[in-house]
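Structure first, then comments.
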Amino acid sequence: MDHDWTRLGAALRSAREARGLGQAAVGDVIGVKRGAMRNIENGALAKITPTIRAYARAVGWDDSSIEAVLNGGSPTYASAQDAESRDANAARSVAGSPEELPLRIQAALADGPLIDTAVINLPGDDDEGPDGQMVVIIKGRNNATPEQIKRALLRWEEAEAQLRRTEGDTGSKQD
């Protein structure tokens with residue numbers, strides 16, 4: 001049976017938009033640039049890749065949804081409990097193990113849906129590059145509605161733009 005890659009791309013785009021997510025936000029989460037997102041959503045695919053699976057998870061699909069859509073069916077969504085567990089595990093994996101994180105951070109990661117993540121370079125004082133990196137995890141409130149998640153994502157995108165403006169700063173030495 002031939003797979004309908006265009007249908008898969010359109011279904012992923014529709015699921016992304018229904019969650020109020022932009023291409024850039026999903027691309028950042030799954031680690032691809034906007035061009036790759038466009039290719040996926042336009043159906044310019046030839047096989048199921050880990051990136052496509054990550055995209056499906058990012059929009060809340062369960063693991064069998066890609067094949068279902070390719071074969072003419074509909075996606076199914078992971079249960080809220082499965083999604084929350086997956087989000088918490090992904091967030092905790094940032095430090096390698098939950099025990100490596102401060103208790104305050106462990107508690108914050110356990111609550112609410114994961115909305116986005118970012119790694120932002122800290123400005124450096126010389127030509128050797130950044131002095132370090134900041135890891136940002138954006139969580140929504142527990143039992144957030146799609147509208148509340150969309151609002152939180154928009155607020156994060158505004159805050160991220162401000163943070164990224166300083167990312168390229170080289171810093172200034174004061175005598």
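Derivation of every value follows stated rules applied to the coordinates shown; laboratory data play no part. Note that the coordinates shown come from a computational prediction; the quantities given were computed from them, not determined experimentally. FYI the Cβ positions are ideal-geometry reconstructions off the backbone, even for glycines, and counts take in every protein chain you see.
Here are the numbers for the structure shown:
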| read-out | value |
| --- | --- |
| Under 5 Å, built H, 5+ apart or other chain: amide partners of Ile115 | Ile138, Lys139, Gly140 |
| Label-point gap, in nm, between Glu158 and Val135 - each point 7 angstrom along Cα→Cβ | 2.8 nm |
| Along principal axes, Cα extents of the stretch 1-56, largest first, whole Å | 33, 21, 16 |
| Extension gain, Ala10 back to Glu147 (0.36 nm per residue minus Cα-Cα distance, nm) | 47.1 nm |
| Computed over the stretch 97-167, Cα set: Rg, Dmax in Å | 14.7, 46 |
| Total charge dipole magnitude, the stretch 97-167, about the Cα centre, Cβ charges on Lys, Arg, Asp, Glu only, Debye to nearest 20 | 700 debye |
